[in-house]
Structure formats: C-alpha cells, structure tokens
Amino acid sequence: MTAPYSGPQTRRNIAAFLVGKVPTAVLTASVLGLSARVLPAAEFGHYVVGMALVELVLGLSSFGLDWVLLRFLPEYRLRGSRQALARLVVTVAVCRMLLLAVVACSLLLARGAGVLPASVPPELAGVLAILLVVEGVMRILRDNSLEALALQSRMQLVTVLRGAVIACALLAMGSGTARELLLAELGASIGALLLSAGFLFHAVRGLPMHAQDGWQPPDSAQMRSVALHNYASGIVEYLYSPSSLILLLARSQGPEAMAGLGFVLRLTDIIRNYMPGMVIFSVVRSRMIGAYAGNRDYGELQRWAHFVFKVSALSLLPVLAVAAVYGDLVLQLASGGRFGEYRLLFAVLCGWLALRLHRLILNVVCNAVGLMGMWALASLCSLLVLPLLAWLGSATLGLWLVPAALLGNELIVNGLVVAGMRRRGFAWPLGLRWWARALLAIGAAAGVAWLLPGQGVLAAAVGTLLLCAVFAVALLLSGAIDEKDRQLINRVLGRQLLREVS
C-alpha cells in the first residue's frame with residue numbers, strides 16, 4: 001500500500017483538494033454575498049460580531065490541542081496501531097468538548113445576569129453557546145484529524161456539504177436575521193461533525209492492529225510541550241486576530257461600520273484560503289511534517305517551505321493589484337452595491353496576506369524542527385505593539401486599527417523568528433532580489449491596467465486579464481521560477497511538465 005505521505009499519495013491529495021476547492025470557493029463566496037444581501041446592514045453587523053466571538057473563543061480555548069494532532073498523528077499513522085491513534089483523537093476531542101462546554105455555560109450565565117456587551121444581543125447567546133461546542137469538536141475531527149491523516153478527499157467533501165447547507169438556508173430565507181443565519185451555521189456544523197466522525201471511524205478501521213516493532217508513542221511531556229508552546233504563541237495571535245479586533249472596535253463603532261469591516265475581512269480571508277499557494281500548503285503541511293519526522297532532512301523541508309511561499313506570493317500579487325485598481329467595483333459586485341468605500345482598506349489587507357502566509361509556513365517549520373519555544377517568545381514580543389495601539393485608540397484610528405495591528409504583529413513575529421532560526425543554524429534566505437523582480441513585474445502590470453480607458457465591469461474584466469498577462473510575461477522574462485522550483489513542480493505533478501536544466 002502507498003505510504004500516506006509519499007509523492008503519489010501527495011499528488012492524489014492535491015487532486016482531491018483541488019476538486020473540492022472549486023465548489024467550496026463558489027459556496028463560500030456565495031454565502032458571503034448572500035449574507036450581505038439577505039440580512040439588513042445592522043443584522044449583518046450583529047452576525048459579524050457573533051461569529052468573531054465564536055472564532056476568538058475557539059482560539060483562546062484551544063490550549064494547543066489542534067497542534068497535538070497535526071504534529072503527532074502523522075507519526076501514529078506511520079508507526080502506531082489503530083487503537084493508539086483512535087485513543088489520541090478521542091482524548092483530544094473529549095478535552096476540547098469539555099473546555100468549550102465550560103465556556104458555553106459561562107456565556108449563558110452572562111446572558112442570564114444581563115452583562116453581555118451591547119455588541120452581542122442576548123437573543124444570540126444561546127445559539128452562539130451551542131455553536132461553540134459543535135464547531136470546536138467538528139474542527140478537531142475535520143480540520144485537524146482528517147488533514148493530519150492525509151484524508152483530503154473526505155475533508156473536502158465535509159467542507160462542501162457544510163457550505164451547501166448554509167447557502168441553501170440563505171436562499172430559502174429571502175430576508176432574515178442574524179439569529180436565523182447562526183442557526184443555519186449550527187445545523188451545518190452538526191452535520192459536518194457527524195460526517196467527519198464517520199469518515200474517521202472508517203479510516204481507523206483500515207490501520208494496522210499492532211504498532212511497528214520498537215516504536216514508542218510520544219510521551220505526555222512531548223505533547224504538552226507542543227501544545228503549550230503553540231498555545232502561548234497562539235494567545236498573542238488570537239489577540240491580534242481579526243475576530244479580536246472586531247470585538248474591540250464594536251465597542252466604539254456602529255453595526256453598519258462593523259458590517260463593512262466584517263465583509264472586507266471575510267473577503268480577504270476567502271482570498272487567502274483559496275489562493276494556489278494556500279491550496280498547496282494545506283495539502284503538503286502534513287507531508288512536510290511527516291517527511292521531516294522520517295528523514296530529518298532540513299534542506300528538503302526548507303525547499304518545500306520556500307516553494308509554497310513563492311507560489312502563494314505569485315498568486316497574491318495580481319490580487320493585490322486588482323484590489324488597488326478595481327477594489328471599489330469588486331466590493332460593490334460582491335456585496336450587492338454595498339461597501340465600495342472600503343477599497344483602500346481592502347487593498348492594504350490583501351498586502352497583509354503576504355506576511356500572514358509567511359508566518360503560517362514558518363510556524364510549520366518551527367514545529368517540525370522543535371523550535372516551538374522560540375516561536376512562542378517571538379509571539380510574546382509582538383505584544384509591544386498593543387500599548388501603542390491602546391494609546392492611539394480606536395477613536396483616533398477608527399477601522400484602520402485593524403490593519404495597523406495586523407501588520408505590526410506580523411512584522412515583529414516574522415522578523416524575530418527568522419533571526420532566531422539563523423542563530424540556531426537553520427538557514428532561511430529572504431529572497432530580496434526575487435521580491436524586487438516580482439514587485440517590479442506587478443507594478444508594471446498594475447500601471448498598464450490603470451492606464452486602460454473605460455469604466456464598468458467589462459473594462460475591469462479586460463483590465464484584469466491584461467494585468468495578469470503582463471505580470472506573467474514579466475515573470476517569465478525575469479526568471480522568477482528557478483531550477484529548484486521546476487523540480488518541485490514536476491515532483492508534485494508526477495510528470496516532467498517544466499523542463500529542467502541539466
């Protein structure tokens with residue numbers, strides 16, 4: 001049987017991922033657009049704040065349990081027994097459920113005592129409490145367990161079905177409220193939880209009854225170290241997360257402003273999740289960890305990491321240029337005529353995605369090579385940005401508090417981690433010459449699109465195509481895809497698509 005993290009299996013997972021990502025991307029964009037149309041602006045603002053609360057609580061209450069599965073399940077699948085693997089998944093899922101149940105009860109008690117913030121209407125508290133528990137356990141099974149076991153086809157099926165349920169619910173509403181949309185989210189998450197559990201049960205039954213000779217499972221001290229170091233850095237990340245900043249701004253901004261900010265942030269998140277680089281990253285993350293656990297080859301790990309980041313950056317730069325040139329039209333089309341005035345905010349947040357993607361890839365590398373302590377320390381140092389933002393305050397910055405906090409956090413963490421890795425002998429070139437060529441190429445492409453005459457959707461479509469064409473030609477002429485990139489592309493595809501220079 002093919003090894004779960006081998007080249008052929010990785011290619012199959014990429015194929016399953018791509019097949020699933022197409023309908024998922026359509027459904028996710030449809031849900032966002034329908035939500036902005038079906039819900040009045042104030043109700044959409046309440047929905048944005050409610051989901052921000054869910055995301056923030058899920059992050060702050062994780063205690064690194066998600067990384068225990070992502071880090072150790074590949075090793076259990078390669079060398080362990082079905083009983084040991086099932087025990088680890090069940091233990092983590094039960095711990096997650098109990099933690100979230102405590103938080104959900106606290107939320108209900110806060111509603112009963114009448115101490116909920118004004119940004120969270122009391123009628124939403126009950127639905128949010130149940131959604132917290134269901135969504136948290138579902139993500140442990142779907143996003144962590146299925147991914148770590150390299151079961152991308154099952155993971156994508158669950159994601160597509162969940163999105164389809166929410167989209168159908170929005171179409172059936174016609175017009176609705178934040179509570180009704182949250183109930184649709186809850187129903188979809190319950191179905192996704194049950195389906196994920198069924199897929200996991202079927203997968204575990206096919207694993208060997210006995211572990212490999214001489215294999216010893218990681219002890220609890222190792223798992224606690226991975227969990228707590230990731231959680232320590234995660235706390236800072238969650239404090240700087242869009243969900244946390246939305247809740248902070250909701251105290252001083254009205255529901256309509258929060259609706260616009262929430263829409264732009266959600267659209268930015270969709271772009272991040274469905275860029276080609278993130279598609280590859282989501283599939284090869286478990287492969288990178290599993291391969292390094294087997295061969296301890298940092299050179300190969302580094303090559304994969306830089307390859308994924310290059311692909312991410314090359315797919316992000318045209319999006320950034322389109323946001324800068326046609327951002328108002330994109331936002332109006334996506335929201336049904338609303339939120340076009342947030343064009344500059346949209347463009348800046350698209351630029352932030354480059355730093356965010358680099359951080360995600362660095363996180364995987366640090367976990368693979370055992371530098372979680374350094375990662376946690378760098379994250380804690382990024383808290384230095386918070387006093388400055390607190391001094392300026394949301395009254396001074398307004399909605400720009402969000403990109404200021406996000407950019408400051410990413411710059412500090414990325415810089416400190418790269419410096420720390422180099423001090424410990426783990427090379428991490430920044431590729432400044434490559435970045436200079438890529439930025440010049442996208443600058444030329446954006447300039448051509450900007451000078452194109454005409455307005456409206458047709459002119460924007462033609463300009464976008466021209467922008468992408470000019471960017472592609474400029475990249476080819478500059479030689480941005482080097483020999484190592486060609487080799488990795490051919491390995492991923494399993495065929496000699498790009499000619500390699502001997």
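The values are calculated or read from the model by the stated rules, or taken from the named source; none is laboratory data. Predicted, not measured: the structure shown is a model, and the values here were computed from it. Positions of Cβ are generated from backbone atoms using ideal geometry, with glycine treated the same way; all protein chains shown enter the neighbour counts. For accessibility, only protein heavy atoms count, side chains too; no ligands or nucleic acids. Shrake-Rupley method; radii C 1.70, N 1.55, O 1.52, S 1.80 Å.
Quick notes on this structure:
Here is a yes/no grid of residues against (1) within 28 Å of the chain's Cα centre (by Cα); (2) assigned to a helix (DSSP H, G or I):
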residue: Ala172; (1), (2): no, yes
residue: Ala184; (1), (2): yes, yes
residue: Ser189; (1), (2): yes, yes
residue: Phe201; (1), (2): yes, yes
residue: His210; (1), (2): no, no
residue: Gln216; (1), (2): no, no
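- Odd one out for Tyr326, checked against (1) of a type in the set (Ser, Thr, Tyr); (2) buried (at least 20 other Cβ atoms within 10 Å of the Cβ); (3) modelled with pLDDT under 80: (3)
- Residue that is more than 24 Å from Leu70 (Cβ to Cβ), of a type in the set (A, V, I, L, M) and open to solvent by 50 Å² or more (accessible area, probe 1.4 Å), where the choices are Leu228, Leu183: Leu183
- Any hit, the stretch 288-300, residues being modelled with pLDDT of 80 or more and more than 30 Å from Gly454 (Cα to Cα): yes
- Qualifying residue in the stretch 1-20 (condition: at pLDDT 75 or above, in a helix (DSSP H, G or I) and either closer than 30 Å to Val236 by Cα or not hydrophobic (A, V, I, L, M, F, W, C) (or both)): no
- Here Arg433 passes the criteria (1) more than 30 Å from Phe471 (Cβ to Cβ); (2) surrounded by fewer than 15 Cβ atoms within 10 Å (Cβ to Cβ) except the one numbered (1).
- Where helices (runs of 4 or more DSSP H) fall wholly inside the stretch 419-502, the ranges with 1 or more residues that are modelled with pLDDT of 80 or more and under 29 Å from the mean Cα position of the chain (by Cα) are 432-451, 456-478.
- Looking across the stretch 330-347, the residues that are open to solvent by less than 40 Å² (accessible area, probe 1.4 Å) and either of a type outside the set (Phe, Trp, Tyr) or at positive phi (or both) come down to Leu331, Ala334, Ser335, Phe339, Gly340, Leu345, Ala347.
- For the stretch 400-413, a residue qualifies if it is within 17 Å of Leu357 (Cα to Cα) and either open to solvent by less than 10 Å² (accessible area, probe 1.4 Å) or more than 21 Å from the chain's Cα centre (by Cα) (or both), and the qualifying residues are Pro403, Ala405, Leu406, Asn409, Glu410, Val413.
- Residues of the stretch 156-167 satisfying the condition of being within 17 Å of Leu141 (Cα to Cα) and open to solvent by 20 Å² or more (accessible area, probe 1.4 Å): Leu157, Thr159, Val160, Leu161, Arg162
- Flag if Ser153 is within 25 Å of Val38 (Cβ to Cβ), touching a residue at least 60 places away in the same chain (Cβ under 8 Å) and open to solvent by 30 Å² or more (accessible area, probe 1.4 Å): no
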